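The values are calculated or read from the model by the stated rules, or taken from the named source; none is laboratory data. Remember, predicted model here, so these are calculated numbers, not experimental data. Here the Cβ is made from the backbone with ideal geometry for all residues, glycine too, and neighbour counts use every protein chain on show.
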Amino acid sequence: MNHNKSKKSNEQINKERIDHEILLMNHKRELENQKQLNDQKEKEKNDINNVRNKYVEFVEKSDSVVSNLDLVCEHLKEYTNATGVYIVKYTKKQKKANDNDPCEESVFTNENTLRFVATNKDHRFLLTEEPNLDSIVGNLFEKKENDQDKEVEEEENQQKNKLKSI
């Protein structure tokens, strides 16, 4: 009977040893996968840093950043994974001084607009068009009262009236 117990015990020990070896192999595999993942992340980080460093070096060597704004837009598009990058100036709209005048003299109007100064290469068409401000930014530059503003203003007026009555 003791012999039978020790036989089971040996079988159990062998099974536990095999299970332990399997666990060790799985752990080693997980460590290798994690190392590969970390190496990949480090490589991507280095690639991004290299692109940024090359760009900074280019800007530092450049005589005029303004003359290279399209390249700035292109770099930012790639670096941020944006669909488009624009540099715009919020300014007054221009129109011809006199529609019948062959001279191309222009004057500023009271209307506000965005003037595209630079874009990435996929959006160059914006440089030649006068943009419809409403289609680009909606009512961003207009001050409008919404219901919440009206409620706040009413509350303030009520508080003022209470103070006057005291």
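Any residue at all in the stretch 37-44 that is within 30 Å of T119 (Cα to Cα) and in contact with a Phe, Trp or Tyr (Cβ under 8 Å, 6 or more places away or on another chain)?
Among the residues of the stretch 37-44, not one is within 30 Å of T119 (Cα to Cα) and in contact with a Phe, Trp or Tyr (Cβ under 8 Å, 6 or more places away or on another chain), which makes the answer no.
Could you give me the residue pairs with C-beta distances under 6 Å whose first residue belongs to the stretch 40-54 and is in a helix (DSSP H, G or I), whose second residue is at pLDDT 80 or above wherever it lies, and which are 6+ apart or on separate chains?
none
For the stretch 57-75, what are the residues that are crowded, with 17+ Cβ neighbours inside 10 Å and either touching a residue at least 40 places away in the same chain (Cβ under 8 Å) or more than 15 Å from L127 (Cα to Cα) (or both)?
Residues satisfying the conditions are D70, V72, C73, E74, H75.
Regarding the stretch 25-44, can at least one residue be identified that is outside the structural domain of L127 (by TED's automatic domain parsing) and modelled with pLDDT under 85?
Yes: the stretch 25-44 contains one or more residues that are outside the structural domain of L127 (by TED's automatic domain parsing) and modelled with pLDDT under 85.
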